[in-house]
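Written out below as structure tokens is the structure these notes cover.
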Amino acid sequence: MKRHWAWLGLVLVATLVVADDAAKDPGAAVQKEQLAKVQALVGTWRGVGQPQRGSNKGSWIEGADWAWKFGDRGPSLAVKLDGGKYFSTAELRAGEKADEFVLLAKSADGKGEHAYRGIRDKEGGLILTADKPAEGMPARISLRLVAGGDRLLVLLEKANAGGSGFARLAEVGYTRKGSGFGSGASGPECVVTGGFGSIEVTYNGQKYYVCCTGCRDYFNENPEEVLAEYKARKEEEKKKREAERGSKSPG
């Protein structure tokens, strides 16, 4: 009889464990399905930040590494920012509402924490607004993939005085690692990604090249911004080459 009750006890415990797991799994599965909608963010990116559109003044180089993260709080997409002007790390999670996302970010100094939430727009871009905008920090963040997913544009905006809308703080234009950026391919270079430029575009009577129709459309929409970023990128590459040559010089 004691063995019988002991066996029933084990069955009950096992049933409760399975039931508990079943209760947790659907939530995690739903969160994962939600995050899969922005799966294209996953990867390593290198970008140029520009406070002013079409100008290199105050620009900086920034790297981003997006990856899936699984833990007790459920799945998320985590990003580490190398050289980030405003943030050092962040986690993107599924929100409580359908198609809602929440971004929890740490400031570049690693001290402040900032929460943003929002949804995707009709084009699939992600627009996130701060719960409580901190002074000097972005109040709204917009993420948009272009050029077939090889380019990621992150627009950072501040809140206007009086809370009437938003104004640009900066925009970071990223290129996905392995997409052709800096590949040194012979022939014309795409001014958007750095890959082989097979399509000719023009601006102010000057010819340039892009690698695909996505880059062509993006260039035509933002020619000054693309060219300013391209110039900043080439100047950064030049500085890097000169630094490498200097480090190899005897003495």
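Quick note: the coordinates plus some simple rules give every number you see, no bench work behind them. Keep in mind it's a predicted model, so treat the numbers as computed, not measured. All Cβ positions, even for glycine, are placed from backbone atoms using ideal geometry, and neighbour counts span all protein chains on display.
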Report summary line: Fraction of alpha-carbon pairs in the range 33-76 farther than 15 Å apart, rounded to whole percent, equals 59 percent
Requested in this report: Take the Cα radius of gyration of the range 37-248 and divide it by 2.2 N^0.38 Å, with N its residue count; two decimals is plenty.
Outcome: 1.05
**Report entry** Ranked Leu103, Leu156, criterion: other C-beta atoms within 10 Å, fewest first
**Finding:** Leu156, Leu103
Report task. Sort out for me the Cα centre separation of the range 135-151 from the range 207-243, rounded to whole Å. Result -> 18 Å
Query raised in the report: On full extension of the chain, what length is gained from Glu242 through Asp217, given 0.36 nm per residue of separation minus the C-alpha to C-alpha distance?
Result: 5.6 nm
Query raised in the report: In vacuo Debye scattering of the range 69-174, one point per C-alpha: log10 I(q)/I(0) at q = 0.10, 0.17, 0.23 Å⁻¹?
Result: -0.28, -0.84, -1.50
Query - Isotropically averaged projected area of the range 124-164, using the convex hull of Cα atoms (one quarter of hull area), nm² - result: 3.5 nm²
Report task. Would you mind ranking Asp217, Asp131, Asp150, Asp72 so that the residue whose beta carbon has the fewest other beta carbons within 10 Å leads the list? Result -> Asp72, Asp131, Asp217, Asp150
Report task. Determine the dipole magnitude for the range 107-242: charges of +1 sit on the beta-carbon of Lys and Arg, -1 on that of Asp and Glu, nothing else is charged, the reference point is the Cα centre, and the result goes in debye to the nearest 20. Result -> 220 debye
**Report entry** the range 37-248: relative contact order in percent, alpha carbon pairs under 8 Å with at least 6 residues between
**Finding:** 15 percent
Report summary line: Residue separation between Ala167 and Arg53 times 0.36 nm, minus their alpha-carbon distance, gives in nm 39.8 nm
Report task. Compute the length gained on full extension between Lys132 and Glu224: take 0.36 nm times their separation in residues and subtract their Cα-Cα distance, giving the result in nm to one decimal. Result -> 29.8 nm
Query - Neighbour-count ranking [beta-carbon atoms within 10 angstrom, fewest first] of Lys57, Lys80 - result: Lys57, Lys80
**Report entry** Bins of 5 Å, starting at 0 and running to the largest distance - Cα pair percent for the range 114-230
**Finding:** 2, 11, 19, 19, 15, 13, 10, 7, 3, 1, 0
Requested in this report: Determine by what factor the alpha-carbon radius of gyration of the range 199-238 differs from 2.2 N^0.38 Å, reporting the quotient.
Outcome: 1.16
